[in-house]
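Here the structure is laid out as structure tokens; the discussion comes afterwards.
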């Protein structure tokens, strides 16, 4: 992202107020701060870059925010708008291509092991208890077996590529 595309929260709030005057710049600034707080519920999150104690917003994400706000005002739910945006951006059914990592971790405070699943783009991490990780493993195994059964039923020439354990 170039410097011209990066906006501070104050500048982003002013830009939003100028292009969508349903809120003042001060109200947009508070809305952006609330949206960054992961402890607060939000129908959708506006991506931001946190760098050396500063927060930056990409202009393209603010344009998307305005389109989302307008769609909500037109009667769509935030969930519908987010899903439609994901489809438009090609965010659904992406190929994996090593897009994530799985790490074994240990929490010294709680004295419990856990598994961290990290997705690279968009960067997201998930903390899974060992029980949750094992359940995910079972779900993945079931999905593989079911997908291969489906392929065999739809295409008799299909050759199985995996074998269940």
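Looking only at residues that are assigned to a loop (DSSP other than H, G, I, E, B) and out of contact with any helix residue (DSSP H, G or I) (no Cβ under 6 Å at 6 or more places or on another chain) in segment 25-41, which one is surrounded by the fewest Cβ atoms within 10 Å (Cβ to Cβ)?
39
For the structure I just gave you, tell me whether residue 84 is touching a residue at least 40 places away in the same chain (Cβ under 8 Å) and under 27 Å from residue 6 (Cα atoms). It is false that residue 84 is touching a residue at least 40 places away in the same chain (Cβ under 8 Å) and under 27 Å from residue 6 (Cα atoms). Exactly one residue out of 46, 55 is within 30 Å of residue 20 (Cβ to Cβ), in the same structural domain as residue 15 (by TED's automatic domain parsing) and modelled with pLDDT of 90 or more, and it is 55. Taking the listed residues 140, 117, the one that is assigned to a helix (DSSP H, G or I) and either in the same structural domain as residue 50 (by TED's automatic domain parsing) or under 30 Å from residue 47 (Cα atoms) (or both) is 140, with no other qualifying.
The values are calculated or read from the model by the stated rules, or taken from the named source; none is laboratory data. Source: prediction; values computed, not measured. Because the Cβ atoms are built from the backbone with ideal geometry, glycine has one as well, and the counts that use them run over all protein chains shown.
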